[in-house]
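To start, the structure under review is shown below, and the notes come after it.
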Amino acid sequence: MSTESQPSSRVPAVARSGDRPRPTDQADVRRHNASLVLESVMVDGPLSRARVAARTGLTRATVGSIVDDLLGALLITEQGTRTPTGVGRPGTDLALNPGGGAGIGLEINVDGLAAVVVDLGGTVRHRVSRSGDQRGRATSAVLRSAAKLVDDAMAAAYDEGLSVRGVGVAVPGLVDLAEQVVRLAPNLGWTDVRVVERLRLYAVTAWPDSITLDNEANLAALGELWSGDHGGAESFVLVNGDVGVGAGVVLDGRLHRGSRGFSGELGHLTVAPDGPECRCGARGCLEQVAGLDWILRQAGVRDEPRIGEDAVAPLLARLTSGDGRAISAVREAGGSLGVGVAALVNLFDVDTVVLGGIFAPLFPWLDQPLSAVVRRRVLSARWAPLHITASRLGRDAAVIGAGQAPLQSLLADPLAPIAEAG
Ligand SMILES: [Zn+2]
């Protein structure tokens with residue numbers, strides 16, 4: 001297990017207007033206004049109360065009263081005292097309080113587990129991980145290890161004086177959001193696993209009430225969206241690579257989940273109808289020719305990565321040393337990935353594709369073959385070039401997105417009544 005307590009990533013969290021509740025009565029109007037005030041401070045702060053009023057169009061009295069509530073909730077803070085420019089008492093500026101809360105992100109993946117503590121300002125304050133292949137382990141053993149990582153993250157947050165507002169859990173599979181159940185995670189061999197319930201069972205410390213489960217590629221895409229570091233594109237696809245391959249599709253600033261929440265299964269797009277059999281039961285799925293297992297096998301790194309080992313490190317070492325076999329394996333995977341990406345671009349007309357998971361560190365070797373295939377297969381490529389980039393959040397895009405998820409709910413509706421425990 002590795003532990004780093006140093007801040008490793010700066011991700012300004014931004015609540016999005018579309019996620020706010022629509023006001024229907026007076027209490028709702030106040031909650032809606034609170035989200036406007038908080039967004040104004042987050043995006044343009046530090047700001048005086050008067051400037052918040054000017055920017056939101058709310059009265060100074062309304063702003064003053066909401067600011068008192070937000071200060072009480074520790075979501076914002078008063079900064080210093082400005083020298084008065086004219087007559088009257090000096091004013092104070094309002095700013096987001098990064099230490100006012102934290103979210104814990106947990107990623108359960110085939111080749112390892114990771115947990116992070118992300119503060120309100122989007123900084124990763126703590127990261128713990130457990131490398132190694134999880135496929136040989138019983139579901140209960142995986143979930144026990146995962147719960148231990150969250151317990152460790154809770155302790156780290158406590159040590160830093162951060163109040164944990166919620167936990168987000170990223171898993172590589174189909175998530176039934178309403179029931180909070182992993183319906184199918186083919187690479188883990190999981191069917192109908194009640195992840196949240198079982199994690200709570202194994203928890204040693206007191207976890208917050210808010211625990212949400214989501215697909216890893218969706219959370220990686222949301223992490224990118226919230227970080228605002230995808231070239232400002234409002235429509236993009238995040239392709240998350242590991243043993244499996246998934247996509248999070250963001251259209252007009254919102255994650256496209258599909259009618260039942262199961263969209264984005266790019267890894268099971270058929271790229272070779274007679275290709276190798278997939279864990280899903282079909283043949284020639286993209287992840288069978290572009291996923292981590294395939295790349296490691298083709299690169300000759302090793303056949304079966306073992307528990308406790310990071311499978312990607314030796315691959316990267318070979319790539320950087322110029323190993324021909326490793327380089328051609330990754331380039332071939334890039335070509336296959338290009339077929340999948342081209343299909344997505346032809347369907348959704350996104351202008352940006354962000355590569356996350358293992359594809360982020362592999363980007364320098366994937367980029368050229370992937371781009372070449374995309375140029376050849378995307379009908380509009382001549383007139384609308386596609387921007388392909390590596391996720392700045394790297395392999396941690398999903399776990400950081402998971403940690404930000406509870407904070408985004410809080411920032412979008414800062415005065416929501418706190419749910420009763422139990
Ligand atoms: Zn498949």
Only one of Gly284, Gly244, Gly291 is within 11 Å of the ligand (Cβ to nearest atom), at pLDDT 90 or above and at positive phi; which? Gly284
Out of all the residues in segment 246-285, which are assigned to a strand (DSSP E or B) and within 15 Å of the chain's Cα centre (by Cα)? Gly246, Ala247, Gly248, Val249, Val250, Arg254, Leu255, His256
If you check Asp242, Asp209, Asp274, which single one turns out to be of a type in the set (Asp, Glu) and farther than 23 Å from Gln298 by Cα? Asp209
Would a scan of segment 213-229 turn up a residue that is surrounded by fewer than 22 Cβ atoms within 10 Å (Cβ to Cβ), farther than 19 Å from Gly338 by Cβ, touching a residue at least 24 places away in the same chain (Cβ under 8 Å) and away from the ligand (no atom under 14 Å from the Cβ)? yes
Residue match in segment 294-306 (condition: within 14 Å of the ligand (Cβ to nearest atom), surrounded by fewer than 23 Cβ atoms within 10 Å (Cβ to Cβ), over 28 Å from the mean Cα position of the chain (by Cα) and not β-branched (Val, Ile, Thr)): no
Just to check your reading of the model, which residue among Val167, Val142, Val171, Val117 is modelled with pLDDT of 95 or more, touching a Pro at 6+ places or on another chain (Cβ under 7 Å) and assigned by TED's automatic domain parsing to the domain that holds Leu201? Val167
Residue ID - surrounded by the most Cβ atoms within 10 Å (Cβ to Cβ), chosen from residues in segment 95-114 that are farther than 27 Å from Asn187 by Cα and modelled with pLDDT under 95: Leu96
What is the number of the single condition among (1) crowded, with 22+ Cβ neighbours inside 10 Å; (2) within 16 Å of the ligand (Cβ to nearest atom); (3) within 18 Å of Gly112 (Cα to Cα) that Gly340 does not meet? (3)
Report yes if some residue within segment 308-328 is in a helix (DSSP H, G or I), under 23 Å from His387 (Cα atoms) and within 16 Å of the ligand (Cβ to nearest atom); otherwise report no. no
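The values are calculated or read from the model by the stated rules, or taken from the named source; none is laboratory data. No experiment lies behind these values; they were computed from the predicted model shown. Counting neighbours? That spans all protein chains shown, and the Cβs are built from the backbone with ideal geometry, glycine included.
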